[in-house]
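First the structure, in the form of structure tokens, and then the observations on it.
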Amino acid sequence: MRQKIVAGNWKMNLIKEEAQSLTAEIVGMSNDELGTNQNGVKLILCPSFVHISTIKSLFKNVKNVHLGAQNVASQAEGAYTGEVSAEMLVSYQVEYVIIGHSERRQYFKETNQEIAQKIDLIFGNGMLPIFCCGETLELREEGNHIEFIKNQISESLFHLPASKFEKVVIAYEPIWAIGTGKTASSEQAQEIHAAIREHIASKYGQEIADKTPILYGGSCKPSNAKELFACADVDGGLIGGAALKSRDFIEIAKSF
Ligand code: PEP
């Protein structure tokens, strides 16, 4: 059985009070109400850096809701003004870090190599990566998308020993579906998730591939989550816009 995960990527949204109420609405629910008792789903909230401490303080006695960050510096420490290190994140009990999000690749020019460095710092500090990959519409139309995604995975993750790789969470996020309202069909999602699992198996073997959670991201919402999560190789979702409303986020988490 693979771990089911629904992670909320809040991006650069919500001021302090809004982030507090959203968290309180989620952690104020019982495991039954969240559906985590019934389907074993793990929820991860990924606020912006400035809210991490406040959000963590609301997590007391809550099971199955975990804290993630949206990025981390590619250097361990030093004169990198404005950056936040892996060591800092772990000192606030952050457990997961979203890494290689397409917005970071596009706007901040993150390369597969830089992402690999970040992955090492995440593991080196005892946290776990939620590694994002995915293609542009152009690549899909050219028919090169699967090779492109495999290459993103090989270049950023395949240097890891199996003992570390088996803890990675992967998120397939077609760029053309992020924040656009366009979702990949369940067939499109399943095709890529299966290809990713096959690629992992070719490097680490079937047992590890079968254990790796592969999440879908890109305009996932309550109305389409059930169909997406029913796919054999879709183990949950990385949710952007719909994670900003507790009711939608929870409904998605209950969609398994
Ligand atoms: C994301 O950016 O990770 C994402 C999935 O966004 P949205 O759900 O808004 O498409």
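The values are calculated or read from the model by the stated rules, or taken from the named source; none is laboratory data. Remember, it's a predicted structure, so these values are computed and weren't measured experimentally. Cβ atoms come from the backbone with ideal geometry, glycine included; neighbour counts cover every protein chain shown. Accessible surface is based on the protein model in full, side chains and every heavy atom, while ligands, DNA and RNA are left aside. Shrake-Rupley method; radii C 1.70, N 1.55, O 1.52, S 1.80 Å.
Some points to look at:
- For Ile239, the amide hydrogen comes within under 5 Å of the amide hydrogens of Ala7, Gly8, Asn9, counting only partners 5 or more places away or on other chains and with H modelled in the peptide plane.
- Part-to-part distance (alpha-carbon centres) for segment 18-73 and segment 95-117, which is given in Å: 23
- Phi-derived couplings, Karplus 6.51 cos²θ - 1.76 cosθ + 1.60 at θ = phi - 60°, listed residue by residue for segment 205-222: x, 5, 4, 5, 4, 5, 8, 6, x, 10, 8, 9, x, x, 6, 6, 8, x Hz, with x used for Gly and Pro.
- Probe 1.4 Å, accessible area per residue of segment 16-101, Å²: 48
- Among Lys254, Lys109, the order of accessible area from largest down is Lys109, Lys254, computed with a 1.4 Å probe on protein heavy atoms.
- Rg over Rh, two decimals, the chain (C-alpha only, Kirkwood Rh): 0.94
- Segment 4-253, accessible surface, carbon-and-sulfur percent (1.4 angstrom probe): 50
- Going by accessible surface with a 1.4 Å probe and the largest first, Trp176, Trp10 read Trp176, Trp10.
- Our coupling estimate for segment 172-182, obtained by passing each phi through the Karplus curve with A = 6.51, B = -1.76, C = 1.60 and θ = phi - 60°, is 8, 10, x, 4, 5, 9, 7, x, 9, x, 8 Hz, Gly and Pro reported as x.
- With a Förster radius of 41 Å applied to the C-beta separation of Met1 and Lys109, the computed FRET efficiency comes to 0.60.
- Cross-link pairs exceeding 21 Å between alpha carbons, from the set Lys164/Lys203; Lys109/Lys221; Lys203/Lys226: Lys109/Lys221; Lys203/Lys226.
- Percent RCO, i.e. relative contact order, over the chain, from Cα pairs under 8 Å lying at least 6 residues apart: 21
- Helical runs assigned H by DSSP (4 residues or longer) give the chain a calculated mean residue ellipticity at 222 nm of -12000 deg cm²/dmol, each run adding -39500 (n - 2.57) before division by the residue total.
- Residues Glu227 and Val50, FRET efficiency given R0 of 35 Å [Cβ-Cβ distance, rounded to 0.05]: 0.45
- Base-10 log of normalised Debye intensity for segment 1-118 (one unit scatterer per alpha-carbon) at q = 0.20, 0.21 Å⁻¹: -1.15, -1.22
- For Ser154 and Met12, the difference between the fully extended length at 0.36 nm per residue and the C-alpha to C-alpha distance is 48.2 nm.
- In this structure, the amide hydrogen of Val97, modeled 1.01 Å from its nitrogen in the peptide plane, lies closer than 5 angstrom to those of Ala69, Leu128, Ile130, counting only residues at least 5 positions away or on a different chain.
- Comparing Cα centroids, segment 197-256 and segment 121-173 end up 15 angstrom apart.
- From phi via Karplus (6.51, -1.76, 1.60), per-residue ³J(HN,Hα) for segment 112-124 in Hz, x at Gly/Pro: 4, 5, 5, 5, 4, 5, 5, 4, 5, 5, 4, 5, x
- Pairs of Cα atoms nearer than 8 Å and 6+ residues apart set the relative contact order; for segment 10-107 it is 25 percent.
- Between Thr180 and Asn37, the contour length at 0.36 nm per residue exceeds the alpha carbon distance by 48.2 nm.
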